[in-house]
Amino acid sequence: MATNPEITTTKCLVNGNWVTAASGRTFPVTDPATDEHLADVPDMGEGETRDAITAAHDAFPEWRSTPAPARAGLVANLANLMRRDEDRLAALMTAEQGKPLAESLGEIRYAASFFEEAARQGPSLTGDIVPASNPDQRILALRQPVGVCAIITPWNFPAAMITRKLGPALACGCTAIIKPAHATPLSALAIARLAIEAGLPPGTVNVLTADAETFSNTVLADERVRKLSFTGSTKVGQILMRGAADNLLRLSLELGGHAPFIVFDDADLDAAIEGAVACKFRNAGQTCICANRFFVQSGIYEAFMDRLARKIEALKIGRGSDDGVTIGPLINDDAVHKVEDHVADALDKGGKVLVGGERVKLEGLADRFYAPTLLEGMTPDMKLFREETFGPVAPVMKFDDEDEAVALANDSEFGLAAYFYTNNASRLTRVAEALDYGIVGANDGGPSAAQAPFGGVKHSGFGREGGSYAMHEYTDIKYVSVKIKPTD
Ligand code: SIN
């Protein structure tokens, strides 16, 4: 389907009310596969952003004092509603984002799992009673919600990047104002609608479709906001971090990645090929943790390249809502230009395209489809080696020994995810420890899980999302020192 996805609202949610921009301004949402106009959503300004902060701030005292199991129950309701409506939400996501329907369905389930995990974690959140050396003192370390959280999410995972932040924020007792990406606000508004149906009190969840600069400047200037969680580019993360300095805003930043994918001679070839395809071509390569640079050891090189080429040729490119499609469009024209630029630069510097390597024109669809591509002869001076391509291109370089592979893999300013395949247990341990990344997939091309600590190092940011780790991002520790008398 997805030709006419069911759009349940195009208004924003502030303090439990569905509102439009005071200016009356809107911006259009279109299907990247067809350029079809899907909806117009409000272009909320500074005043409306402040209204949302006020709503979240006013809702906070009651929400934080609601017992954790009751809060968790409402978060679990929201997960159930997402699962109930998974087909509708998936169709909506494919329409606004372009990814294949099966991937959208996978993302809705993945998104719901973050609410479920947060609902499990919330009531288990504890503080500490720390043994004191002074017999008259008791040391309590309480975990308390930070307060109003601003959440800014990207277009590549329009649902899961919201729930991964919102779930733990709510479960910890925080309230939230969310700004989804310009390109994909409809999934966010659909989740907002479910939040109301789930019974979340007015003001706990507010969703604003807005220009990124207006929203973030307003949030950064308002001292009632105590936490900002952002997933997006490193460049924007750096701007937000500078802006957060004045109010000493707590930050979680999940920024760009540039994952290496290493295949050693002793790898299970079937597993490595399966992992490589899943990891590289998920969401047409528009994933922060997707493999961007392949390093393949000389002994397995020919076999790996041959098998990978055949797998890539079998991928089906097209509109995400069509049967069997595995590669959808890129999100916009700039994204296509970037991929073209990276491939052209690689060819100039001696790279060779083995599969794909060009745009694909599809009858009746937008000119935004890039063929899944296999390219060999990658070298460190290529843009593909240095920058995140965010497209369906697998550039490969041959290597000879383990130290060389690890050095090449670590030769990046980014540090989000890295992958490697080996059947040697000692090498598995050595390489996992040596890779300078926040997430390492050891014989695993798909490490994402709601229970796991997700996040990067270096220019990929800081903070961890998922599992119990996320709960620490949305709570402060309050130290209470109790002086007691030995006797009364
Ligand atoms: C991302 O692209 O950052 C999200 C990927 C994931 O959670 O698996």
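The values are calculated or read from the model by the stated rules, or taken from the named source; none is laboratory data. Keep in mind that this is a model prediction, so the values were computed, not measured. So basically every Cβ, Gly included, is an ideal-geometry build from the backbone, and we count neighbours across all protein chains shown. Accessible surface areas use protein heavy atoms only, side chains included; no ligands, DNA or RNA. Shrake-Rupley method; radii C 1.70, N 1.55, O 1.52, S 1.80 Å.
Before moving on, here are some points about what is shown:
- Treating each Cα of the chain as an identical point scatterer and summing with the Debye formula, the log10 of I(q)/I(0) at q = 0.07 Å⁻¹ comes to -0.38.
- Here the translational diffusion coefficient of segment 301-378 follows from Stokes-Einstein with Rh set to the Kirkwood radius across Cα pairs; for 20 °C and 1.002 mPa s it amounts to 160 µm²/s.
- Rounded if a/c under 1.5, otherwise prolate or oblate - segment 339-488, Cα gyration tensor axes: prolate
- Reported to the nearest whole Å, the Cα centre-to-centre distance from segment 421-470 to segment 48-114 is 26.
- In terms of accessible area, using a 1.4 Å probe and ignoring ligands and nucleic acids, 479, 110 rank largest first as 479, 110.
- The listed residues 472, 342, once ranked by accessible area (1.4 Å probe) with the largest placed first, stand as 472, 342.
- Helix 86-97 axis versus longest C-alpha principal axis of the chain: approximately 60°, rounded to the nearest ten.
- The slack in the chain from residue 361 to residue 443, taken as 0.36 nm per residue of separation less the alpha-carbon distance, amounts to 26.0 nm.
- Remark: segment 62-209 carries 30 Å² of accessible area per residue (probe radius 1.4 Å; ligands, DNA and RNA excluded).
- Rh (Kirkwood; distinct C-alpha pairs) - segment 259-449, Å: 16.5 Å
- Segment 37-125: C-alpha gyration tensor shape, a/c 1.5 cut-off, then a/b vs b/c: oblate
- Rolling a 1.4 Å probe across all protein chains gives residue 34 an accessible area of roughly 40 Å².
- Anisotropy class of segment 146-255 from Cα gyration tensor, a/c 1.5 cut: oblate
- At R0 = 22 Å, FRET efficiency that the Cβ-Cβ distance of residue 35 and residue 235 yields, to 0.05: 0.20
- Surface analysis of segment 259-449 yields an accessible area of 38 Å² per residue, using protein heavy atoms and a 1.4 Å probe.
- Ranking 89, 142 by solvent-accessible area of protein heavy atoms (1.4 Å probe, all protein chains present), from largest to smallest, gives 142, 89.
- Considering only Cα atoms, the convex hull volume of segment 13-82 works out to 122 Å³ per residue.
- For residue 26, the residues whose modelled amide H falls within less than 5 Å of its own, excluding neighbours fewer than 5 places apart on the same chain, are 43.
- When nucleic acids and ligands are ignored and a 1.4 Å probe is applied, residue 459 ends up with an accessible area of around 80 Å².
- Using heavy atoms of the protein chains and a probe of 1.4 Å, the accessible area assigned to residue 53 is about 0 Å².
- Among the GluC sites (Glu not before Pro) in segment 159-260, those located in a DSSP loop and surrounded by at most 12 other Cβ atoms within 10 Å of their own Cβ are 223.
- Accessible-area composition of the chain, carbon plus sulfur, in percent [1.4 Å probe]: 50 percent
- The separation of segment 329-354 from segment 386-406, counted between C-alpha centres, amounts to 15 Å.
- Antiparallel %, DSSP beta bridges [both residues in the chain], to 5: 45 percent
- Pairs from the list 280/316; 235/458; 316/349; 280/383; 11/179; 165/227 with a Cα-Cα gap above 19 Å: 316/349.
- For the pair residue 140 and residue 80, label points projected 7 Å from Cα toward Cβ lie 3.4 nm apart.
- Coupling constants for segment 277-287 follow from the phi torsions by the Karplus curve (6.51 cos²θ - 1.76 cosθ + 1.60, θ = phi - 60°), and in residue order they are 5, 4, 6, 7, 9, 4, 6, 6, x, 9, 9 Hz; glycine and proline get x.
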